[in-house]
Amino acid sequence: MLILGIETSCDETAASVLEDGQKIHSNIVLSQSIHRDYGGVVPELASRAHIKTLIPIIRKALEEANVSLRELEAVAVTFGPGLVGSLLVGLSVAKSLAFSLNIPFIGVNHIEGHIFANFLEHPYLKPPLIHLVVSGGHTQLLYQPGLGQYRLLGQTLDDAAGESFDKVAKMLQMGYPGGPEIDRLSMEGDPHYVKFPRAYLEKGSLDFSFSGLKTAVLNYLDNFTRAKIHSRLADIAASFQAAVVDVLVNKCFLALSQQNVQRLAVAGGVACNTQLRKELKRRACDNEVELFYPSPLLCTDNAAMIAAAGHFHLEHGQRSSLDLNAVANINLESLLQESPRSFH
């Protein structure tokens, strides 16, 4: 089965052609550069950019895959969570293609797409699993007892981890997106230079909170001149990063312990972070835990992961109605509860 995947949940315009849920024939991702001037994603600009670029990106994906529209057997697209305007662009194009070609249309939850990135990279991977989905818009811990089954264990109560990276990078005048810049600079810094707080919340909680850490960094910076901050920029960045990584890693292994699982999969843009991968590998080795994460292209928002999730649902007899709407906030549990209305 050849599936066209489409992803437009935020500021990446992406299209992919996937065969049989596993073989990637093309995976084209265009990141919008216009948001750098604003230090963050501007929703209206993002949706306008998708309108201009999505059709050319789809054409490029088809050309690279050497596949015609008539050879496609299904279309999978992200319907949420994300920016509503951006989601609507992808949904409208996907519905139009599916209707005109008379092929199945499947709406995919963006979080489930990230989860399927690991199944693309590691086809032998099997549940039960703990998933950490960590990106600019999402920080969630999920338990997956079986394929297509998910239970939300914890999520951020305020800022996502990637969002906190971007906001702190803006405070440090490091540009946007901030995550890769902090990661790069932290390699030169002392992670113990500033003891920033770690928010673990109540005992046993698997929820996250990064707004307090962000405020602590801001309060710290207010005590020094710009010249002083610049002279210790690498140390401050490394100290902030260490605070985020400590919480992410400790919560992952708490979830593994609570669910009595020895398999951890990490996905999302922040899964590319060097220090996070290093600490997860160290703890996984010490605790005999199997650790999985995708290659960088499959960590960030892409359409191959959406096509993979779509293929799974199609194999299990699920199709989306053409009246499926974009949903800004939806988790996997609510998707499963609403499946009779979302799929038929």
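Just so you know, all these numbers are worked out from the coordinates, no wet-lab data involved. If you're wondering where the values come from, they're calculated on a predicted model, not measured in any experiment. Cβ: placed from backbone, ideal geometry, glycine included. Neighbour counts: every protein chain shown.
Please provide three numbers in whole Å: the alpha-carbon extents of the stretch 128-298 along the principal axes, with the largest listed first.
For the stretch 128-298, the Cα spread along each principal axis is 53, 32, 28 Å.
Among Ile57, Ile3, Ile103, rank each residue by its count of other Cβ atoms within 10 Å, from fewest to most, as a rough exposure measure.
Details: Ile57 22, Ile3 27, Ile103 17.
Taking fewest neighbouring Cβ atoms as first place, the list is Ile103, Ile57, Ile3.
For the chain, take the alpha-carbon Rg, divide it by the Kirkwood Rh, and send me Rg/Rh. Could you put the intermediate results ahead of the total?
Working: Rg = 20.1 Å, Rh = 20.5 Å.
Using only Cα positions, Rg/Rh for the chain is 0.98.
With both bridge residues required to lie in the chain, what share of the DSSP beta bridges run antiparallel, to the nearest 5%?
Values: 25 of 42 bridges.
Once the DSSP bridges in the chain are tallied, antiparallel ones form about 60 percent.
Just give me a number: lysine pairs in the chain, eight or more positions apart or cross-chain, with C-alpha atoms less than 15 Å apart. Don't skip to the answer; put the middle values down first.
Working: Lys52/Lys60; Lys167/Lys214; Lys170/Lys214; Lys195/Lys214; Lys203/Lys251; Lys251/Lys281.
Close lysine pairs found across the chain: 6.
Taking K and R as +1 and D and E as -1, what net charge do the other residues with C-beta under 13 Å from the C-beta of Ser205 add up to? Intermediate results must be reported in sequence, preceding the final value.
Details: positive: Arg198, Lys203, Lys251; negative: Glu202, Asp207.
So the surrounding residues net to +1.
Can you bin every Cα-Cα distance in the stretch 1-125 into 10 Å intervals starting at zero and give me the percent of pairs per bin, rounded to whole numbers?
That works out to 14, 45, 33, 8, 0, in percent per bin.
What chymotrypsin sites (Phe, Trp or Tyr not before Pro) does the stretch 118-175 have in DSSP loop regions with at most 13 other beta carbons within 10 Å?
Working: sites: Phe119, Tyr124, Tyr143, Tyr150, Phe165; in loops: Tyr124, Tyr150.
Loop-located and lightly packed - Tyr124.
What net charge is computed for the residues neighbouring Asn66, neighbours being all others with C-beta under 15 Å from the C-beta of Asn66, Lys and Arg scored +1, Asp and Glu -1?
0
Neighbour counts of other C-beta atoms within 10 Å: give me Lys214, Lys195, Lys60 arranged from fewest to most. Could the numbers behind the result be given before it?
Numbers: Lys214 21, Lys195 10, Lys60 15.
The fewest-first ordering by Cβ neighbours comes to Lys195, Lys60, Lys214.
Relative contact order, percent, of the chain when contacts are C-alpha pairs under 8 Å separated by at least 6 residues? Kindly include the intermediate steps, with their values, before the conclusion.
Numbers: 744 pairs, mean separation 83.5, N = 344.
Reported relative contact order: 24 percent.
So what are the stretch 210-295's ellipsoid semi-axes, whole angstrom, largest first, if each one is the square root of 5 times an eigenvalue of the alpha-carbon gyration tensor? Mind dumping the intermediate values first?
Working: eigenvalues 195, 36, 21 Å².
Three semi-axes, in Å: 31, 13, 10.
Among His50, Gln155, Leu69, whose Cα projects farthest towards the positive end of the dipole of the chain, with charges put on the beta-carbon of Lys, Arg (+1) and Asp, Glu (-1)?
It is Gln155.
Using a cut-off of 15 Å between beta-carbons, work out the net charge of the residues near His316 (Lys and Arg +1, Asp and Glu -1, His316 not included).
On the way: positive: Arg319; negative: Asp20, Glu112, Glu315.
It works out to a net charge of -2.
With runs of 4+ DSSP H residues as the only contributors, calculate the mean residue ellipticity of the chain at 222 nm using -39,500 (n - 2.57) per run, divided by the residue total and rounded to the nearest 500. It would help to have the intermediate numbers written out before the result.
Working: 13 runs with 156 residues, N = 344.
Taken over the chain, the calculation gives -14000 deg cm²/dmol.
Which is the longest stretch in the chain that no exposed loop site breaks, taking sites as GluC sites (Glu not before Pro) with a DSSP loop state and at most 12 other Cβ atoms within 10 Å? Let's see the in-between values first.
Details: sites that count: Glu188, Glu202, Glu288, Glu338.
In the chain, the maximal stretch lacking such sites is 1-187.
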